[in-house]
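Asks: Dropping a structure here in structure tokens format, bear with me for questions.
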Amino acid sequence: MRVGEMVVDSVAARQVSIDSAGATRMIPTLAWVGTARFHGQMTLRGRLMKHPDADVRLLCFEADSASAALMPRWAGDERRAWFCDSNVEAERLVRGRSEGRSLELVIDQFVIRRSFSDDVNTARVVRIRDLARCYRSPHSVLFGPTTRTGQQGGPPGWIRLEGFPDSDHGEAELRDSDGKAMTATWHRQADDSVALLAANDFARIEIRFLVSNGDLAGQGTAHSDAALEPDSTGRLSDLRRSWKFRATAAPCDAMY
């Protein structure tokens with residue numbers, strides 16, 4: 001039997017009473033549990049995630065909604081579409097990638113484990129490709145071009161956009177060459193511009209840009225009430241910067 005892009009190797013299933021598992025009466029009395037094994041490769045998009053149990057050392061991934069809809073699933077199984085791979089080869093493939101990274105995966109040997117315990121679906125990860133786009137700016141992406149006074153950034157600066165440009169929003173990272181960094185989010189606007197926001201207890205960075213010929217161009221602003229600098233009259237006030245932002249596409253590996 002073929003299910004989507006995968007072929008069933010074996011199914012070992014049985015019906016159990018879920019009343020004995022402590023379920024409410026709203027759930028049907030009997031449910032199928034067991035194991036279904038598949039072969040054949042499938043390409044998914046998703047993210048790298050940690051296993052919910054801190055003491056479990058497995059590499060795990062969660063498929064996005066579009067990929068999850070294509071994966072084999074038992075009827076009535078409402079679990080999130082995540083799975084794990086404990087192979088040494090998988091560890092090599094994800095080396096250097098952090099939790100939450102947007103990835104494209106090729107998997108095979110997918111196994112559904114359905115029960116009322118902590119069973120986890122598994123798969124063998126064959127290939128991984130980053131879905132992020134990275135861009136290099138000649139200026140700091142945290143504070144803009146160098147100024148005569150006040151706090152300075154460490155140019156060049158980098159922006160990493162997860163899931164860009166296919167999605168309408170996603171996570172991002174701002175990083176200067178001196179190692180200072182902030183996590184951020186990006187959203188596509190109605191005028192086809194992109195708004196990026198990074199904020200913590202000390203600073204708020206906003207960058208709005210358009211994409212032209214693969215490069216980014218727009219406006220950046222920074223505000224911090226934790227850093228004071230003299231204004232045009234010499235009076236100390238909050239750090240406020242505004243600059244013309246530009247950045248060119250560059251390999252993500254060069255960002256770190």
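The values are calculated or read from the model by the stated rules, or taken from the named source; none is laboratory data. Remember, it's a predicted structure, so these values are computed and weren't measured experimentally. Note that we place each Cβ from the backbone using ideal geometry, even for glycine, and neighbour counts take in every protein chain shown. Protein only, heavy atoms only, side chains kept; ligands, DNA and RNA dropped before computing areas. Shrake-Rupley method; radii C 1.70, N 1.55, O 1.52, S 1.80 Å.
Asks: Do the sum for the chain: with -39,500 (n - 2.57) for every DSSP H run of n ≥ 4, divided by all residues, what is the mean residue ellipticity at 222 nm, to the nearest 500 deg cm²/dmol?
Replies: -500 deg cm²/dmol
Asks: How much net charge surrounds residue 145 when only other residues with a Cβ under 13 Å from its Cβ are counted (Lys, Arg +1; Asp, Glu -1)?
Replies: +3
Asks: Show log10 I(q)/I(0) for segment 165-246 at q = 0.12, 0.15, 0.16 Å⁻¹, two decimals, from a solvent-free Debye sum over equal Cα scatterers.
Replies: -0.41, -0.62, -0.69
Asks: Take the Cα atoms of segment 109-159, build their convex hull, and give its volume per residue in Å³.
Replies: Cα-based convex hull of segment 109-159, divided per residue, equals 140 Å³.
Asks: So how much slack lies between residue 70 and residue 193, counting 0.36 nm per residue of separation and subtracting their Cα-Cα distance, in nm?
Replies: Stretched out fully, the residue 70 to residue 193 stretch lengthens by 41.1 nm.
Asks: Also, quick follow-up: With every atom except the alpha carbons ignored, what do you get for Rg and Dmax of segment 77-165, in angstroms?
Replies: In Å, with Rg to one decimal and Dmax whole: 19.9, 64.
Asks: How large a share of the accessible area of segment 41-168, in percent, is made up of carbon and sulfur atoms when the probe is 1.4 Å and the other protein chains stay in place?
Replies: That fraction is 45 percent.
Asks: Once Rh for segment 66-115 is found with the Kirkwood sum over Cα pairs, what is the Stokes-Einstein diffusion coefficient at 4 °C and 1.567 mPa s, in µm²/s?
Replies: Roughly 99 µm²/s, to the nearest whole number.
Asks: Describe numerically, in nm with one decimal, the distance between label points set 7 Å from Cα along Cα→Cβ at residue 212 and at residue 92.
Replies: 4.5
Asks: Rounding to the nearest 20 debye, state how big the charge dipole of the chain is about its Cα centre with +1 on each Lys and Arg Cβ and -1 on each Asp and Glu Cβ.
Replies: In total the dipole reaches around 280 debye.
Asks: While we're on this one: So if each residue of separation counts as 0.36 nm, and I subtract the Cα-Cα distance between residue 227 and residue 253, what length gain in nm does that give?
Replies: Between residue 227 and residue 253, full extension yields an extra 6.2 nm.
Asks: Express in nm, to one decimal, how much length is gained between residue 7 and residue 104 on full extension, taking 0.36 nm for each residue of separation and deducting their alpha carbon distance.
Replies: Stretched out fully, the residue 7 to residue 104 stretch lengthens by 32.8 nm.
Asks: Could you give the C-alpha radius of gyration of segment 112-215 expressed as a fraction of 2.2 N^0.38 Å, taking N as the number of residues it contains?
Replies: Dividing the Cα Rg of segment 112-215 by 2.2 N^0.38 Å gives 1.42.
Asks: Near residue 42, within a Cβ-to-Cβ distance under 10 Å, what is the net charge of the other residues, with Lys and Arg +1 and Asp and Glu -1?
Replies: -2
Asks: Between [x] 10.7; [y] 18.5; [z] 12.7, which entry matches mean projected area of the Cα convex hull in nm² as derived from the coordinates of this structure?
Replies: Recomputing mean projected area of the Cα convex hull in nm² here gives the entry labelled [y].
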